Amino acid sequence: MTEVPCFESLFSNLIKNLKENDKVIEVSSHFGPNQSLESMLSYLWKLEEVQSCLLPTIIAQKKSDEDAERLRSEGNKCYQKKLLDKALKLYNLSIMSAPHPKHSVVESSEANKSYSSNDGEKNVNEGQEYRSLALGYANRSAIFFELGQYDKCIADVDLAFLHGYPKLLHCKLAERKSKCLITLGKIEDAKQVLHDALKTLDDMKLDESKSKSSRDALHNLLDTCQSNGKAKSSLVQECDKSATWLREATKEELLFAYQTPAAPSLSKSNPAIPCLSDAVKLCFTPSLGRYLIAERDIDPGEVLVVEKPYGQVLLLDSSLRTHCSVCLNRCLSPLPCPSCSKVIFCSSSCRNIGLSSNHSKECSVLPTLAALDMGKNAVLAYRILIQIPFLQLKKLIPLYMQEAVEFPPNILGFNNLDRPIYDSADYRTIYHLVTNKAQRSVSDLFKRCAMAVILTWLLKESQSYFVDSSGEPFEPSLEDIEIAGCVLFTHLMSFPCNAHSITELQVDVSNFQKSSSQEIGAGAFGVLSLTNHSCNPSVARFSYGSTVVLRAIRFIPSGAEVTDSYGEHYGLKPSTERRSILQQQYYFQCKCEACENNWPTYLNLSDKHKLKCLICNKNIDSKGKCTNCKLSFMEVLSKKEIIPNMCNQNDVEKAIEESVKDYENAYEKIISGDNSSEIKAKLCNVISIIDKFVSQPCKTYFEAQETVKHYFERQGSCVFRKEV
């Protein structure tokens with residue numbers, strides 16, 4: 001396989017070459033905040049040193065029987081040692097590596113149709129060309145049978161038959177499939193499989209001694225199908241018992257790690273922003289830009305945004321081998337791309353979507369893109385661009401450029417000025433995200449432009465993006481290159497400030513306290529990008545596959561800003577460090593309350609709960625008066641009527657004490673594995689009580705927020721693991 005240097009190596013080589021040719025100053029003069037994207041992109045595209053130093057060699061990756069057989073052999077060794085989790089991963093890799101028929105052949109197997117042992121030969125030319133693929137599916141079906149995953153086992157048996165599983169071994173798979181069908185109560189289907197298998201044996205005209213054991217096994221299963229319910233029940237028990245020897249940790253990982261639940265829905269949507277709750281509205285000021293505020297009081301746990309990304313990508317590492325490239329769900333029994341060994345799909349529907357849209361345009365260059373290691377934002381920019389046919393992009397960009405000049409910033413991204421709608425599925429919401437171009441240095445713009453040049457060159461080399469109305473590739477003009485390259489350049493500036501991570505909670509069922517959230521991909525979300533940052537955020541994001549849900553993690557009073565964290569939190573880093581990082585990446589000086597008041601980090605927070613004034617939020621002194629406005633806490637409490645039956649300071653302190661005890665009890669249950677709604681209620685209650693009465697920052701409050709975030713993370717994308 002051709003080795004491709006990473007982007008940093010190519011870029012360093014370009015800089016070295018420019019220095020040797022004494023052209024650094026000349027080239028730099030063409031870059032800067034005042035230069036247009038078109039002039040920068042066009043200049044670099046035509047630069048001789050770029051053509052000789054920056055552009056990589058395309059990796060021509062192909063499927064390999066040799067790789068597939070090697071991986072399957074390693075999987076067999078793990079299977080024999082009863083290491084089913086490792087065996088499954090190796091069988092999946094073997095299936096990904098195996099030569100595969102064109103998608104048109106595969107499509108015939110994916111209309112929920114079952115294939116008997118005779119069907120395989122009809123579909124795949126006696127199956128010789130795809131033997132390693134068929135063997136991979138057959139071996140994987142054994143894993144699913146032992147784990148009681150009978151539907152998945154049946155599907156793999158069918159795929160093994162479809163791709164030409166050796167005829168001499170058909171009876172073994174037919175026996176396995178029929179046992180699954182019997183266990184699922186599909187007796188008539190099981191009979192048909194068994195009759196077909198016996199007919200195959202007859203057609204093969206094998207010596208009686210060679211086929212006797214297979215015939216006996218098939219006839220015994222037929223007898224079971226025709227016997228009374230008691231015999232059937234005993235067979236079901238026998239099939240189920242096959243997994244009982246597994247270590248519990250392995251069963252948990254295999255059976256529960258790949259279940260991605262559906263995302264919750266909004267109780268009522270904002271009429272102008274459909275994936276935003278009606279409890280929130282969009283505002284704008286020159287100093288804050290666009291931001292969200294609460295239209296009413298919002299309680300902890302409320303769902304405020306449910307958004308599917310306009311475009312999303314997996315990280316180009318191990319995530320490609322474990323998660324669906326279309327929906328980003330973790331896959332237990334993935335389907336491979338027919339052409340490359342880089343990506344997988346969780347279902348035939350996702351594979352059809354991927355192969356008819358994005359992946360069909362990236363497949364030939366994905367190995368090169370991965371080798372370049374340009375970062376998730378570059379891959380996301382490439383993926384988003386190929387979602388839009390070039391001829392359509394060519395019409396849209398002049399329109400969007402005109403909008404950027406004529407429209408005020410508060411309505412950029414809305415698609416209908418008569419009845420404005422901010423639609424996450426509309427590309428303009430992504431195109432108009434801020435780029436901070438004016439704040440970027442010459443070196444920053446030069447490097448991002450170089451990345452845009454490489455990505456544009458990959459578009460050209462793929463022969464699948466610059467195509468005419470009939471789908472035929474054409475040689476793009478310089479104008480075409482500028483259009484595509486400048487869009488990529490735009491996204492390479494906007495995504496570091498606006499793209500959002502897509503995560504999966506790695507749950508350690510041996511010790512829930514060791515659970516951690518892992519980034520698996522990234523997406524472009526038009527609505528999530530409307531939130532401003534705070535180091536003491538009022539909301540947090542949770543992933544359900546590629547869908548991201550924004551929930552309140554504290555009480556948000558009506559009129560207050562809804563703030564997210566851009567990755568910096570007061571509990572983890574001191575304010576000077578946070579401000580420096582935020583300034584460097586996002587080009588703003590953070591003025592949140594945690595930064596302005598230099599709140600201590602978590603390890604330095606006090607365990608004591610200090611009451612705050614219900615008017616100005618300043619501390620209450622030992623005499624029960626506000627240190628700022630000098631008002632009596634009890635006097636204000638009686639007028640505010642915040643909570644029924646709260647008549648005096650003792651009542652408040654008792655309520656805080658009881659809520660903290662409830663939280664501590666809830667925390668113990670959380671770390672033991674409980675994730676019930678009762679637990680959520682206790683967690684949200686202590687947050688609400690502290691919000692109303694206790695001065696911030698507060699250690700219990702921080703801990704309760706982290707616990708409630710863990711609770712909601714366990715409602716979303718998870719993989720369960722257990723230390724052995």
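Using alpha carbons only, how many angstrom separate the centre of the range 489-531 from the centre of the range 657-682? Their Cα centres are 26 Å away from one another. For the chain, the longest principal axis of the Cα atoms and the long axis of helix 478-498 meet at an angle of about 60 degrees. The dipole here belongs to the chain: it is taken about the Cα centre, uses +1 on the Cβ of Lys and Arg and -1 on the Cβ of Asp and Glu, and is about 1180 debye. Other residues within the sphere of radius under 15 Å centred on the Cβ of Pro496, judged by their own Cβ, net out at +2 (K and R +1, D and E -1). In the chain, the longest principal axis of the Cα atoms and the axis of helix 649-671 are about 20 degrees apart. Once the C-beta distance of Lys16 and Glu461 is scaled by a Förster radius of 22 Å, the resulting FRET efficiency is 0.35 to the nearest 0.05. Each residue of the range 578-587 was assigned a 3J(HN,Hα) from its phi angle through the Karplus curve 6.51 cos²θ - 1.76 cosθ + 1.60 (θ = phi - 60°); the sequence is 4, 4, 5, 5, 5, 5, 5, 8, 10, 6 Hz, with glycine and proline shown as x. Among the trypsin sites (Lys or Arg not before Pro) in the range 281-329, those located in a DSSP loop and surrounded by at most 16 other Cβ atoms within 10 Å of their own Cβ are Arg296. Cross-link check: pairs Lys591/Lys709; Lys62/Lys376; Lys62/Lys177; Lys308/Lys699 evaluated at a Cα-Cα cut-off of 28 Å; pairs beyond the cut-off: Lys62/Lys177; Lys308/Lys699.
For the chain, the extents of the C-alpha atoms along the principal axes are 101, 72, 50 Å, listed from largest to smallest.
Here the extension length gained between Ile58 and Asp373 equals 112.0 nm, from 0.36 nm per residue of separation less the Cα-Cα distance. Met96 exposes around 10 Å² of accessible area when a 1.4 Å probe is run over every protein chain in place. Counted over the chain, the DSSP beta bridges are approximately 85% antiparallel. Full extension of the chain segment joining Asp223 with Asn511 gains 98.9 nm, where the gain is 0.36 nm per residue of separation less the Cα-Cα distance. At a temperature of 25 °C and a viscosity of 0.890 mPa s, determine how fast the range 439-498 diffuses translationally according to Stokes-Einstein, using the Kirkwood radius over alpha-carbon pairs as Rh; express D in µm²/s, rounded to the nearest whole number. My calculation gives 198 µm²/s for D. Counting only alpha carbon atoms, the long axis of helix 187-204 and the longest principal axis of the chain meet at about 40°.
Here the calculated FRET efficiency for Arg215 and Asp65, from their Cβ-Cβ distance with R0 = 30 Å, stands at 0.40, rounded to the nearest 0.05. Based on protein heavy atoms only, the chain ends up with 45 Å² per residue of surface accessible to a 1.4 Å probe.
Think of the chain as a dipole: +1 on every Lys or Arg Cβ, -1 on every Asp or Glu Cβ, centred on the Cα centre; then among Leu605, Thr183, Cys337, Leu605 lies furthest on the positive end. A cut-off of 5 Å between modelled amide H atoms, ignoring neighbours fewer than 5 places along the same chain, links Ile520 with Ile502, Thr503, Glu504. Computed from label points 7 Å out along Cα-Cβ, the spacing between Gln518 and Glu475 is 4.7 nm. The spread of Cα positions in the range 476-626, taken along each principal axis and listed from longest to shortest, comes to 78, 42, 31 Å.
Inter-label distance, Leu572 to Asn604: 1.8 nm, where each label sits 7 Å from its Cα along the C-beta direction. Given R0 = 56 Å, the distance between the Cβ atoms of Ser356 and Ile25 translates into a calculated FRET efficiency of 0.70.
In nm, to one decimal, how far is the Leu168 label point from the Asn597 one, both placed 7 Å along Cα→Cβ? Output for this residue pair reads 7.9 nm. Less than 5 angstrom separates the built amide H of Val280 from those of Glu295, all sequence-distant by 5 or more or on a different chain. Rolling a 1.4 angstrom probe over the chain with all protein chains present gives an accessible area of which 48% lies on carbon and sulfur atoms. Comparing Pro99, Leu396, Thr503 along the charge dipole axis of the chain, the residue lying farthest to the positive side is Thr503, per the Cβ-charge model.
A cut-off under 11 angstrom between Cβ atoms defines the neighbours of Arg440, and their net charge, with Lys, Arg +1 and Asp, Glu -1, is +2.
A Cβ-based charge dipole, computed about the Cα centre of the range 458-522 with Lys and Arg at +1 and Asp and Glu at -1, lands at about 460 debye.
The values are calculated or read from the model by the stated rules, or taken from the named source; none is laboratory data. Just so it is clear, the model here is predicted, and its values are computed rather than measured. Here Cβ is always computed from backbone atoms with ideal geometry, including for glycine, and neighbour counts include all displayed protein chains. Areas reflect the complete protein model, heavy atoms only, side chains present, ligands, DNA and RNA absent. Shrake-Rupley method; radii C 1.70, N 1.55, O 1.52, S 1.80 Å.
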